[in-house]
Amino acid sequence: MERILKFTAGAEHSGMSINAVLRQHFNMSSSIIKQLKSAGGITVNNEPHRVSYIMSCGDELRLVLREGRSELIEPVKIDFGIVFEDEDIIVINKPAGIATHPSHGHFTDTLANGLMYYFAQKNEEHVFRAVNRLDKDTSGLMCAAKNSYAHSRLCTELHNSFERRYTAILEGQLEHPLTIDAPIARCEEGIIKRCVSEEGKRAVTHCTPLKIYNEYTLAELSLETGRTHQIRVHMSHAGFPLLGDWLYGHEDKALFPRTALHSSHMEFTHPVTGTALKFDAPLPDDMKLFLQKL
């Protein structure tokens, strides 16, 4: 696929090199600029130019991002909801029970497989580029980029102003807001499990109770950092493990078959247009049904 970006130089850009425009106006990384150069994707007034070219007021800069598809990801029909889509990004409401990436034992039943199938049906070719990632059991909002430029911009934003909020069902009655500032590290007993440890990296989770249901609490959580299993580790550490979390809570899945965690809100700036975007995903049926029975 090709993604074409256009830019008209104003008086304030006169005397600037293409390289300076790419870095200052587009906030492009060196790797994206290198990609454009190697593919011959930079023209000014329909003529190819090096990034050292000095622009004049009125010059029309045209950038062509070219890429193929993720050849190693087999397209497979997987059901998921699409919340938003344009030339650069797609926002998905991921069902619980679907892994994000192919891995051992899950080569054809992941969101990546489903997205490759969806693109193929539209005769589009894209590399699978997840911006935020959700655990297999976690449902809700996930964003993927359709080109390397959008992905680069969003990954930078993810560590700064990209806002995500989650809704979870906690075991226990949490009556007041709670902030957990505790470092997280990999546990010695396995490569998957994490734990609070002074040797870990700083992690901060904010938790606000929404409603108490008998011995459970519906809560909203937001992250200042993005450590693996952060919400699950922190809430277990605080004495309020997530319902259904067999790794950090109770091992009995009879009560609820998955970790009761849902990515419910997401807001960020569009990587190309600069538009402020906000998305919400309602609580999934399984979590709603559990609460209704209490």
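Readers should treat all values here as calculations from the given coordinates under stated rules, not as data from a laboratory. Note that the structure is a prediction, hence the values are computed from the model and not measured. Methodologically, a virtual Cβ is constructed for each residue, glycine included, from the backbone with ideal geometry; neighbour enumeration extends over all protein chains shown.
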How large is ³J(HN,Hα), in whole Hz, for each residue of the range 174-191 in order, when computed from phi with the Karplus curve 6.51 cos²θ - 1.76 cosθ + 1.60 and θ = phi - 60°, using x for Gly and Pro?
8, 9, 9, x, 9, 10, 10, 10, 8, x, 10, 9, 6, 6, 5, 7, x, 7
Would you mind checking which residues have amide H under 5 Å from Asp137's amide H? H placed 1.01 Å from N; only 5 or more apart, or other chain.
Gly97
Which residues qualify? For Val204, with a placed amide H closer than 5 Å and at least 5 residues away or on another chain, they are Glu224, Thr225
Computed from these coordinates, which is log10 I(q)/I(0) by the Debye sum over Cα atoms at q = 0.07, 0.14, 0.16 Å⁻¹: (i) -0.40, -1.23, -1.35; (ii) -0.22, -0.98, -1.34; (iii) -0.34, -1.06, -1.25?
(iii)
Taking a crude spin-label model, label points 7 Å out from Cα along the C-beta direction, the Arg69 to Phe84 distance in nm is 2.6
Enumerate the lysines that Lys146 could reach by cross-link, defined here as Cα to Cα under 27 Å, with residues fewer than 8 away along the same chain left out.
Lys6, Lys34, Lys37, Lys77, Lys94, Lys122, Lys136, Lys278
Give me the one-decimal nm value for the distance between modelled label points at Glu189 and Ser17, 7 Å along each residue's Cα-to-Cβ direction.
5.7
Once you have the Cα-Cα distance between His49 and Thr179, take 0.36 nm times their residue separation minus that, and quote the gain in nm to one decimal.
41.5 nm
Label point distance in nm, Ile4-Asn27, each placed 7 Å from Cα along Cα→Cβ:
2.6
Using θ = phi - 60° and Karplus 6.51 cos²θ - 1.76 cosθ + 1.60, couplings along the range 53-64 (whole Hz; Gly, Pro as x):
4, 8, 8, 10, 4, x, 4, 9, 8, 10, 10, 10
Please list, ordered by chain and number, the residues whose modelled amide H lies under 5 Å from the amide H of Arg129; skip anything fewer than 5 residues away on the same chain.
Ala145
Apply 1/(1 + (r/R0)^6) to the Cβ-Cβ distance of Ser222 and Glu157, taking R0 = 22 Å, and write down the FRET efficiency to the nearest 0.05.
0.90
From the Cα centre of the range 24-63 to that of the range 259-282, the distance in Å is 31
In whole Hz, what ³J(HN,Hα) sequence does the range 39-52 give by Karplus (6.51, -1.76, 1.60; θ = phi - 60°), x for Gly and Pro?
8, x, x, 10, 10, 10, 6, 6, 10, x, 9, 6, 6, 7
Most mobile of Thr138, Thr275, Thr167 in a GNM of the chain (Cα contacts under 10 Å)
Thr275
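Using just the helices of the chain, give the 222 nm mean residue ellipticity in deg cm²/dmol: DSSP H runs with n ≥ 4 each add -39,500 (n - 2.57), and the total is spread over all residues, rounded to 500.
-5000 deg cm²/dmol
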